[in-house]
């Protein structure tokens, strides 16, 4: 499966990459904002996308809406610091398959990705 | 009904809890808070590198976290195993921690507590101008032998 990681923090992108190393995921791109992410989605059609919300140029919610138009089968996992319920519900309503609040530690990522990837197998 | 002072202090307490949770959840090393205090007419307290977030919506102001390079380097080492990160990585780390600490406060204050993307700077920039009409609360913290400050300014 192909994975695209989208976060404006390079440290966060590499943290996600490091902690998803045990999954059979090919990282096809890392984007630092929503605009970059959309170009990469068009080019690589990733199966799984981790998507931050607070980013420059294009935020994650706007990006998510466009991703769902380009590639509605993509499993999008939102990973954001915005920990209010409304933002989570908004993201799920727009097509995200999962939602995680930062700070995210390795256990959090593992649990969320087990659930995300198993969901499609059932 | 809360007075403005009580509301301000309650909001600052949310930031304190957010900082404590950040370090505990990601590093298993507790942070220690010293007694917070209101900023007087002295200048702002800034360490090596600062990540600042603008606040808008139902509250207006800012929050920043300012720490020495060593604290950011230790966090990067824990997260991705880099012993000697590049300057770019250290600045990135400063922005990310301020983003997470500010964003987590929305769990209590809701989506109308709006936050900007982080602005990161080193030392004391000449151009730094903050509104004069803010109450500014300074929260000293220690984590893993490093001293840092969380500074909350709200109308």
> Is it true that some residue in the stretch A:1-9 is under 26 Å from residue B:94 (Cβ atoms), away from chain B (no Cβ under 14 Å), surrounded by fewer than 19 Cβ atoms within 10 Å (Cβ to Cβ) and touching a strand residue (DSSP E or B) at 6+ places or on another chain (Cβ under 6 Å)?
Replying inline: no
> Taking the stretch B:55-93 only, how many residues are within 12 Å of chain A (Cβ to nearest Cβ), assigned to a loop (DSSP other than H, G, I, E, B) and buried (at least 16 other Cβ atoms within 10 Å of the Cβ)?
Replying inline: 1
>> Could you go through the stretch B:18-26 and let me know if any residue there is under 28 Å from residue B:77 (Cα atoms) and at pLDDT below 95.
In response: no
> Any residue at all in the stretch A:41-48 that is more than 22 Å from residue A:114 (Cα to Cα), in contact with a strand residue (DSSP E or B) (Cβ under 6 Å, 6 or more places away or on another chain) and more than 14 Å from every other protein chain (Cβ to nearest Cβ)?
Replying inline: yes
>> Which condition from (1) at pLDDT below 95; (2) closer than 19 Å to residue A:1 by Cα; (3) in contact with a helix residue (DSSP H, G or I) (Cβ under 9 Å, 6 or more places away or on another chain) is the one that residue A:85 breaks?
In response: (2)
> Which of the residues that make up the stretch B:94-110 are in a helix (DSSP H, G or I), at pLDDT below 95 and at the interface with another protein chain (Cβ under 8 Å from one of its Cβ atoms)?
Replying inline: B:106, B:107, B:109
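The values are calculated or read from the model by the stated rules, or taken from the named source; none is laboratory data. A quick note: this is a predicted structure, and the numbers were derived from the prediction, not measured. A quick note on method: Cβ atoms are made from the backbone with ideal geometry, for glycine too, and the neighbour counts reach across all protein chains shown.
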